[in-house]
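First the structure, in the form of structure tokens, and then the observations on it.
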Amino acid sequence: MVGVKLTIALAALAAAAAMPAPASAASDWRADGNAICTDYYDELAIFSGEQSDTELSADLLIGLARLTERKDARLAHVHPPSAQATTFKRMVKVDLRSAKTLRQLVKSQGRRDFEKLINRYDRDTSSVERLARKLHLGACAGDGDVVTGPAVEL
């Protein structure tokens, strides 16, 4: 008897897992992604406001890399529908590569590959913005007034 009840319970769980998510869940991933990116831009504004030097210092580049990595770690927990999943994963992957490039810039300042790394960073950030717009993630694309939290007070 217990075996039958367990089988029925497992079958019900499997059926529930196979059901498509409600339509509202499909739009929630965008809200989650935009909220993460809005938080990122708030943190970025606060961080840049704390910097006394406007040049590309090691502290500035490492700080930007950390903020980007933290944002991307949070975005990795967002799960868009399968139709957008590949583009979303690509956006996060390219953004992580931009953070890695920032770290490489710290090591290469004054050397020949500095310009090459700056150009890679620019290409990657442009690609992230383009992919974010394609996914209708305006905050992740940097569109509009994305700074809405504590950084507004700066």
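Worth a mention:
- Placing unit charges on each Cβ (+1 for Lys and Arg, -1 for Asp and Glu) gives region 52-93 a dipole about its Cα centre, and among ALA85, LEU61, LEU75 the Cα reaching farthest toward its positive end belongs to ALA85.
- Taking the Cα centre of region 48-144 as reference, the dipole from Cβ charges on Lys and Arg (+1) and Asp and Glu (-1) amounts to some 580 debye.
- Surface composition of region 49-115: carbon and sulfur make up 49 percent of the accessible area, probe 1.4 Å.
- Whole-Hz couplings from phi, Karplus 6.51/-1.76/1.60, listed for region 122-127; x for Gly and Pro: 4, 4, 5, 5, 5, 5
- A straight chain from LEU56 to THR87 at 0.36 nm per residue would run longer than the Cα-Cα distance by 8.1 nm.
- Other residues with beta-carbon under 9 Å from the beta-carbon of ASP72 carry, at +1 per Lys or Arg and -1 per Asp or Glu, a net charge of +2.
The values are calculated or read from the model by the stated rules, or taken from the named source; none is laboratory data. Predicted model, so just to flag it, every value in this text is computed and none were measured. Cβ coordinates were reconstructed from backbone atoms using ideal geometry, including for glycine residues, and neighbour counts include every protein chain displayed. Surface areas here come from the heavy atoms of the whole protein model, side chains and all, with no ligands, DNA or RNA. Shrake-Rupley method; radii C 1.70, N 1.55, O 1.52, S 1.80 Å.
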